[in-house]
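The values are calculated or read from the model by the stated rules, or taken from the named source; none is laboratory data. In this text, all values refer to a predicted model and were calculated from it rather than measured experimentally. Because the Cβ atoms are built from the backbone with ideal geometry, glycine has one as well, and the counts that use them run over all protein chains shown. Heads up: the accessible areas ignore ligands, DNA and RNA and are worked out on the full protein's heavy atoms, side chains in. Shrake-Rupley method; radii C 1.70, N 1.55, O 1.52, S 1.80 Å.
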Amino acid sequence: MSTTNSTSLEETARRAVDLARRHGANEASATAGRMRELEVQWRDGRVEKVSEATTRGLSLQLFVEGRYSAVSTSDLRPEALERFISDSIAMTRVLTPDEHRRLPEPEFYAGRASLDLMIEDPRQAQLSAEERQRFARELEEGARSADTKGAILSVTTGFGDLSREVFRVTSNGFEGGSRSTQFAASAEVSVQDPDGRRPEEGDSGFSRFFEDLPSATALGRRAGERALGRIGSVKGASAVLPMAVDNKAAGRLVSMLLSSMVGSAIQQKRSFLDGKLGQQVGSTLLSISDDPHLKRGLGSRLFDGEGITSRPMALFEEGVLRTYFIDSYYARKLQTRPTTGGPSNLSWKLGTKDRAGLLADLGEGILVTGFLGGNSSALTGDFSLGIQGFRVRGGQLAEPISEMNISGNQLDLWKRLVAVGNEPYRYSTSRTPTLVFEGVQFAGT
C-alpha cells in the first residue's frame, strides 16, 4: 500500500480527534480524505459526457458517555470544523447509550505488515483527456468489429479513473493512511433480434494499474460478441442438469454466500451459516481465503475500516467453514475476537482446466453467463435467480438461452460443486474462477 505523505490530511484528522476530545468525547476517530474522479462516456461515435470531480471531506466517529454517532463534513475550515464537532457531540449526548460501541482495543492495531501493495499507478496523473476519449472510442470500434451482419443497434462505452487518498487517526493510538488509483472501462451493446427483441449485453474491466486493463479493442469486441450471442435466445425446457457458471458471473453466487458471514447476520441470528464454524458446508473443492496483501488487488489493504490489522485468513477449507467477518462492535456482542468487518480480495484453490476444458467434461448442461434479478435469503440460504447463457451439447456451446430460473438452497448448491476452473476473474475482488455444479434444477418451458 502506498502510504500517504500529505501532511494536510494527517493534520486535519489529528486536529479533529483533538477537538473531539476537548469538547467532551471519551473516544473519537477521524478519517480525512480526498478523491479525484474523471469519466468519459461515449455513445455511437461521439462523446456523450465528460465529467471531473474532486472531493475532500472528513468523517468522524464520536463516543460520548456510552453513546455513539458517525458524522461527516466537507467544510474543513478551522472555525467551521470546531463548530461542527461541538454540535455533533451535543447531538450524540441525547442518543440512546450502547455499551458495545467503542473503538477497537489497541492490540488489534498491532502487527501491521510493511508492504508495498502496489495499488497506486503514477500513470493515472499523466493520462490526458485525449487518451481517455481514445480508449472510449476504441471500445466502440472493438464492439462493432464483431458485427458482420449489421445487427448492432447501439454501443455505449465508458472509461474512468480515480485517485484516492485517506488518513485515519483514532484517540487510542491508531494512525494510518493510503493512496490508491483505480481504472474502469465498460461497453454496453444493444442488438436487433429478428423476432423484434433488442437484447443488451456488455463487458467491463477494473484495475489498479492502467496497464492491467484489457485492451480497449479486445474488451469492446468481447462486449460485442456477448451481445450478438444473445440473438435467437430461447427459453429452454425445465430440467435437472449440470451447470457451469463462467468466472465473471460466478461472483454473484459468492456474494450471496459471503453476505451470510457478516457479524450483524450472525449476532442477530439471520444467517444460515450461524453455528456452523468448523462444519462441512460445501464440497471439498470449496477452498477460499481472504488475501488483503495481494499486490495490485482491488481490495488490498494493510488495515480495515476500523484500523484492525489485515491478515490473510482461510474462509473455507475443503468445504469447511473457518471464520466469519466480525468487526469490533459485533465481536463484543458475540463475546469473541474481531476478525475484520468484510472481505478484501478472495483467493481460490484453483483447478487445472480452463472454461473450454470444463465444458468438454460437462458434456450436456448449461453455461450461465449472467444472473438476472432474483433474490437470496441470508437467513435460510434459499435463493431464486434468473439466468442467461448457453445450452451445452457434446461439450460445446449450442443455442443461447434466457428467461430461465434456478432455485434451491445454498447449503445444497455448494455441496454440488464438482469442478473449479483455473482462470480467476481478475477484474473484481471476488476473483472467481469458472464453477461447475451437478444436478441443478432449471425452470423453463
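If the convex hull of the alpha-carbon atoms of region 234-321 is projected onto planes in all directions, what is the mean projected area in square nanometres?
Taking the Cα atoms of region 234-321, their convex hull projects to 8.7 nm² on average.
Tell me the mean residue ellipticity at 222 nm calculated for the chain from its helices only (DSSP H runs of n ≥ 4, each -39500 (n - 2.57), averaged over every residue, nearest 500).
Values: 9 runs with 95 residues, N = 445.
-6500 deg cm²/dmol, from helical runs alone.
So, for region 239-443, what is the accessible surface per residue at a probe of 1.4 Å, expressed in square angstrom?
Counting only protein heavy atoms, the per-residue value for region 239-443 is 39 Å².
For region 239-443, give the percent of accessible area contributed by carbon and sulfur heavy atoms, probe 1.4 Å, rounded to a whole number.
It is 49 percent, rounded to a whole number.
Any idea of Met256's accessible area? Nearest 10 Å², probe 1.4 Å.
10
Compute the separation of the alpha-carbon centres of region 363-436 and region 53-85 and state it in Å as a whole number.
44
With every protein chain present, what is the per residue accessible area of region 8-101 (1.4 Å probe, Å²)?
With all protein chains present, region 8-101 gives 55 Å² per residue.
Leaving out ligands, DNA and RNA, what percent of the accessible area of region 122-229 is carbon and sulfur, probe 1.4 Å?
47
In what sequence, largest accessible area first, do Glu403, Glu317 appear using a 1.4 Å probe? If you can, show how the numbers build up before the last one.
Details: Glu403 115, Glu317 85 Å².
Listed by decreasing accessible area, they come as Glu403, Glu317.
On the first, second and third principal axes, largest extent first, how far apart are the outermost C-alpha atoms of region 239-443 in Å?
Answer, in whole Å and largest first: 53, 35, 27 Å.
Which lysines have a Cα less than 26 Å from the Cα of Lys248, not counting those fewer than 8 places away in the same chain?
List returned: Lys235, Lys295, Lys349, Lys353, Lys415.
Among Leu411, Pro343, Ser8, flag the residue with its Cα farthest along the positive direction of the charge dipole of the chain, charges on Cβ as +1 for Lys/Arg and -1 for Asp/Glu.
Value computed over the given set: Leu411.
So, how do all the Cα-to-Cα distances of region 77-234 break down into 5 Å bins, in percent, from 0 on up?
2, 8, 12, 11, 10, 9, 9, 8, 8, 8, 7, 5, 2, 0
Considering the options Gly395, Leu103, Ala32, tell which one lies farthest towards the positive end of the dipole of the chain, charges being +1 on Lys and Arg and -1 on Asp and Glu at the Cβ, about the Cα centre.
The residue sitting most towards the positive pole is Leu103.
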